[in-house]
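Down below is the structure, laid out as structure tokens.
The values are calculated or read from the model by the stated rules, or taken from the named source; none is laboratory data. Note that the coordinates shown come from a computational prediction; the quantities given were computed from them, not determined experimentally. Positions of Cβ are generated from backbone atoms using ideal geometry, with glycine treated the same way; all protein chains shown enter the neighbour counts.
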Amino acid sequence: MPRIIAVGTAVPPYELRQIEARQFAKRLFGETFPGIERLLKIFENTAIATRYVSKPLEWFERDHSFQEKNEAYVETACRLGAEAIQRCLAQTDIALDEIDHLLVVSTTGMATPSLDARLINYLGLRNDVKRTPIWGLGCAGGAAGLARAAAFAKACPGDRVLLVAIECCSLTFRRQDRSKSNLVATSLFGDGAAAVLVTDGVGEARSDGAHWEITASDSYCWPDSLDVMGWDFMDDGMKVIFSRDIPTLIKQEVKGVLEPFLATHQLTVPRLDRLYMHPGGKKVLEAYEEALGMSPDKLASAYQVLKQYGNMSSATVLFVLEQDMHQPLLPGERGLLAALGPGFSLEMVLLQAKG
């Protein structure tokens, strides 16, 4: 059975405190929205304290072309991805040249050759590493990537599969976009990368404790929901699509998909020991709590990651996983990792702790 051996994370060097982001937004949006002080309350209600971005704040005060932003994305993504990989493998006895399959998830910039090819060169991985780039899954990409990594590990016994989710959300910022969606995005998104080593082998990690086995996964895409989340491609970059109805959709739709998936494996939400939900925002986590009848302490790791890093799109749910892995697992514990993304879609990964 595929198991998670180690998780490593990385963020760029520029810390952005929420009060600084609020002041920036006030300068930018003040003339557009007469009632700006009322709208700026979203910065205080996000449960976010800090985020990390790819450029200093003054860089965002100026206009930048799509080309300039995307070049910064490629450079930063390679650096962040490499750092996350090195931190992941440092927890194991596995060397870079022992990786058999590299799976890279991203949605906040474009690159051909893709990021996986660039990371092979950047880090000096083997020339015969299998490559799988996945683009466009947005916030669902970390969960979907973990499911695909498990499928590859199961299909190729002995292969060491490395999943890397890399996002530079800040570099998609369009200064001339004075929409409320962009204002909300300015209050939420940050940058980061996470790497997860998955293999069907045992004894790969230095820790003797229990590890998560990936026992099942599933996907669901709601019909007629393409306008809920995603990008519009404009001359000056990528315009965020971020429906205000997302929390309502979670309350109305997620339970009807998640509970049958769990029931297939003789589980219910109360029987899950650990929940790793993508913290798309405070309202998203509160919607999960209401929809699934959970208390906030069930999502403590998600709230902590949201507070420290904000929403880093696909990488975020893997930060939540990494945060919780500091707490020893008990054999037999059951967990669920899940994230919503463009489509509008839900990705679910079921976990079981094995010694």
Worksheet item: Only one of (1) on the phi > 0 side of the Ramachandran plot; (2) surrounded by fewer than 21 Cβ atoms within 10 Å (Cβ to Cβ) is not met by Asp235, so which one is it?
Response: (1)
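Determine which member of the set Asp63, Asp100, Asp93 is surrounded by fewer than 13 Cβ atoms within 10 Å (Cβ to Cβ), of a type in the set (Asp, Glu) and farther than 26 Å from Arg178 by Cα. Write out each step before concluding.
Values: Asp63 fails: farther than 26 Å from Arg178 by Cα; Asp100 fails: surrounded by fewer than 13 Cβ atoms within 10 Å (Cβ to Cβ).
When all the criteria are applied, what remains is Asp93.
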Worksheet item: Is the range 241-263 home to any residue that is modelled with pLDDT under 90, within 25 Å of Ser106 (Cβ to Cβ) and assigned to a strand (DSSP E or B)?
Response: yes
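How many of the residues in the range 310-349 are part of a loop (DSSP other than H, G, I, E, B), in contact (Cβ under 8 Å) with a residue 24 or more places away in the chain and over 11 Å from the mean Cα position of the chain (by Cα)? If you could, list the steps in order and put the result at the bottom.
Residues of the range 310-349 part of a loop (DSSP other than H, G, I, E, B): 310, 312, 325-333, 342-344.
From what is left, the residues that are in contact (Cβ under 8 Å) with a residue 24 or more places away in the chain are 310, 312, 325, 328-331, 333, 342-344.
When the remaining residues are screened for being over 11 Å from the mean Cα position of the chain (by Cα), the result is 325, 328-331, 333, 342-344.
Summing the residues that are part of a loop (DSSP other than H, G, I, E, B), in contact (Cβ under 8 Å) with a residue 24 or more places away in the chain and over 11 Å from the mean Cα position of the chain (by Cα) in the range 310-349 gives 9.
Filter the range 50-64 down to residues that are of a type in the set (A, V, I, L, M) and modelled with pLDDT of 95 or more, then give me how many there are. Outline the logic, then answer.
Going residue by residue through the range 50-64, those that are of a type in the set (A, V, I, L, M) are 53, 57.
Narrowing further to those that are modelled with pLDDT of 95 or more: 53.
Matching residues across the range 50-64 total 1.
Among the helices (runs of 4 or more DSSP H) lying completely within the range 1-113, list those that include at least 1 residues that are closer than 21 Å to Asn311 by Cα and among the β-branched types (Val, Ile, Thr). Walk me through it before giving the result.
Details: elements: 18-29, 36-39, 41-44, 66-89.
The qualifying helices (runs of 4 or more DSSP H) are 18-29, 41-44, 66-89.
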Practice prompt. List the number of the failed condition for Leu340; all other conditions in (1) surrounded by fewer than 21 Cβ atoms within 10 Å (Cβ to Cβ); (2) modelled with pLDDT under 95; (3) of a type outside the set (Asp, Glu) hold.
Written response: (1)
Worksheet item: Among all residue pairs at least 6 apart or on different chains, which show Cβ distances below 6 Å where the first residue, located in the range 167-181, is assigned to a helix (DSSP H, G or I) and the second is at pLDDT 90 or above and among the small types (Gly, Ala, Ser)?
Response: Cys169/Ser313; Ser170/Ser54; Leu171/Ser54; Leu171/Ala72
